[in-house]
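Encoded as structure tokens, the structure appears first; notes follow it.
Rule-based calculations on the coordinates, nothing more; no lab input. Because the structure is a prediction, the values reported are computed rather than measured. Here the Cβ positions follow ideal geometry from the backbone for every residue, glycine too, while neighbour counts run over all protein chains shown.
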Amino acid sequence: MTTPFDDIHRDDAAYVLGALSPADRYRFEQHLADCARCQESVRSFAGLPGLLSRVPVEQVTAEPADPPPELAAALFAAARRTRRRRRLAVAVGAAVAAAVCLVLALVLAFGPGSAGRSPAPPARAMTPVAQGAPVTATAALADRPWGTDVTMRCRYHGAAGYPVDYTLVVVQRDGTVDQISSWSAVPGTTTVLTGTTATPRDAIRAVQVRTADGTPVLSLAP
């Protein structure tokens, strides 16, 4: 589905949730590399996948109950402060609408304008794992109330035989692997990704860039 250029700023939430088509995802990533507004918006939405993954299946499938008055008031207040959430509602579906509203309230509470939020951590160069890997990247990890945000800038230096698919994963100290993003590399371009995990930073052993078959090519220890 083609997105008009004037509406590309509305693709931020759908991009974080992986709801864009490959063509729209590539288009948005090219736009994201130079748009500070969308970069900040993607960071503010980064907690959504991790939070939604923690919603119990029973809660999603159960018959809806009437919310308490104080919750309804909070959701109405959050709705008034929200401008670009329709695409998000379509992406996640009506079955989890109540959970999404709760997540949005948390995002607004801990979003870019929140008082006391720590400044963005400095990015560090990721270490090559596979010899001759055609990618370089920097990554920064930030503690969040829901876990850890990972912001990565990756550049592909290989030949023009693309697309080349990569994934960004978090390896926990117990060996569990959590994939938090994926993309198709294009020669000569820089890809900016923001992923999130429910794992606290002190429980992360490494953040890695891997090929589609799971082979690590870059790694960074917290």
Item to check | Rg/Rh for segment 124-220, where both radii come from Cα atoms and Rh is the Kirkwood radius | outcome: 0.96
Next on the checklist: I need to check one value: relative contact order of segment 116-215, counting alpha carbon pairs closer than 8 Å and at least 6 residues apart, in percent.
Outcome noted: 27 percent
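Loop-only check: which chymotrypsin sites (Phe, Trp or Tyr not before Pro) in segment 145-222 are DSSP coil with at most 11 other Cβ within 10 angstrom?
Filter output for segment 145-222: empty list.
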Checklist entry - Roughly what would the spin-label model give for T138 and E40, points 7 Å off Cα along C-beta, in nm? => result 2.0 nm
Checklist entry - Extension gain A221-R153, at 0.36 nm per residue separation less the Cα-Cα distance, in nm? => result 22.9 nm
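Stretch A23-S184 to full length: gain in nm at 0.36 nm per residue minus the Cα-Cα span?
Values: separation 161, 0.36 × 161 = 57.96 nm, distance 1.05 nm.
Here the answer is 56.9 nm.
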